1. Count neighbours as other Cβ atoms within 10 Å of each site's Cβ, and list the chymotrypsin sites (Phe, Trp or Tyr not before Pro) in region 112-203 that are DSSP loop with at most 15 such neighbours.
2. Taking every eigenvalue of the Cα gyration tensor of region 44-145, multiplying by 5 and rooting it, what semi-axes result, largest first, whole Å?
3. Computed from these coordinates, which is P(r) over Cα pairs in 5 Å bins from 0, in percent: (1) 1, 7, 12, 16, 17, 15, 12, 8, 5, 3, 2, 1, 0, 0, 0; (2) 1, 7, 11, 13, 15, 15, 14, 13, 8, 3, 1, 0; (3) 1, 7, 14, 19, 21, 18, 11, 4, 2, 1, 1, 0, 0, 0?
4. Strictly greater than 21 Å: what percent of every Cα pair in region 107-200 meets that?
5. Can you work out D for region 147-203 in µm² s⁻¹ from Stokes-Einstein, where Rh is the Kirkwood radius over C-alpha pairs, the temperature is 10 °C and the viscosity is 1.306 mPa s?
6. Order these by the 10 Å Cβ neighbour count, fewest first: GLU23, GLU195, GLU177.
7. Counting only residues 5 or more places away or on other chains, whose amide H sits under 5 Å from the amide H of VAL14 once H atoms are built in the peptide plane?
8. So, in nm, how far is label THR198 from label LEU11 when the simple model puts each one 7 Å beyond its Cα toward the Cβ?
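Here, each number is a calculation from the coordinates, and none is a lab measurement. Everything numeric here is computed off the predicted structure, so don't read it as measured data. A quick note on method: Cβ atoms are made from the backbone with ideal geometry, for glycine too, and the neighbour counts reach across all protein chains shown.
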Amino acid sequence: MRLVLQEFLSLDGVCQGPGSPDEDTSDGFTQGGWFVPHMDEELERQAGIWLGTADAFLFGRRTYMNFARDWPKMTEHPFASVLNGLPKYVASHSLAKAEWDPTTILSGDIPAQVAELKRQPGRELQIHGSARLTQSLLAAGLIDELRLVIAPVVVGRGRRLFPDGGAPAGLRLLSNETTSGGLAIHVYESTGLPEYGTYGVDA
């Protein structure tokens with residue numbers, strides 16, 4: 001399986017709490033819900049296409065708990081059967097029980113276990129949100145594709161997907177589009193380490 005990230009970002013790179021004010025208030029974050037005003041039918045349609053290529057999902061603990069709380073109740077939503085029915089994996093060193101079936105808890109050496117999951121047959125193992133988990137898997141060179149949905153808003157503070165001191169990564173742009181709500185959808189393929197050069201003007 002290919003490991004594919006889908007992440008909502010602000011223009012200044014914040015990924016914390018996009019969906020509601022109380023989604024993630026850790027570290028005193030008070031600006032949750034910044035992504036919601038920009039959602040539109042084009043994003044919903046694209047998200048449905050992406051979900052149709054998933055054979056399993058991978059979450060960090062916090063994102064998993066939010067999804068596990070909400071999606072079992074949303075049985076009429078067109079995405080519900082996929083999210084509720086497919087295998088799910090949650091990376092956590094503290095979670096003792098996962099009630100959103102079918103879920104498997106991963107602990108210990110998470111990158112090694114994710115690498116083993118990628119060797120299983122299938123199309124995509126999708127990560128939704130889960131920034132801390134994503135950062136560790138980027139550093140391990142395990143993420144094959146990044147689908148970044150960037151909202152036209154500057155949040156100013158909050159957890160960023162690519163923090164200072166994060167692992168360098170080379171990327172190749174596969175596609176980009178803009179929705180009527182102003183969302184920029186950029187899809188990148190991982191290419192390993194970045195390339196470097198020196199800018200100069202020929203004499």
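1. When the chymotrypsin sites (Phe, Trp or Tyr not before Pro) of region 112-203 are filtered for loop state and at most 15 Cβ neighbours within 10 Å, TYR196, TYR199 remain.
2. On the way: eigenvalues 89, 56, 29 Å².
Working from the Cα gyration tensor, I get semi-axes of 21, 17, 12 Å.
3. Here the calculated entry is (3).
4. 44
5. 111
6. GLU195, GLU177, GLU23
7. VAL155
8. Using points 7 Å along Cα→Cβ, the separation is 3.6 nm.
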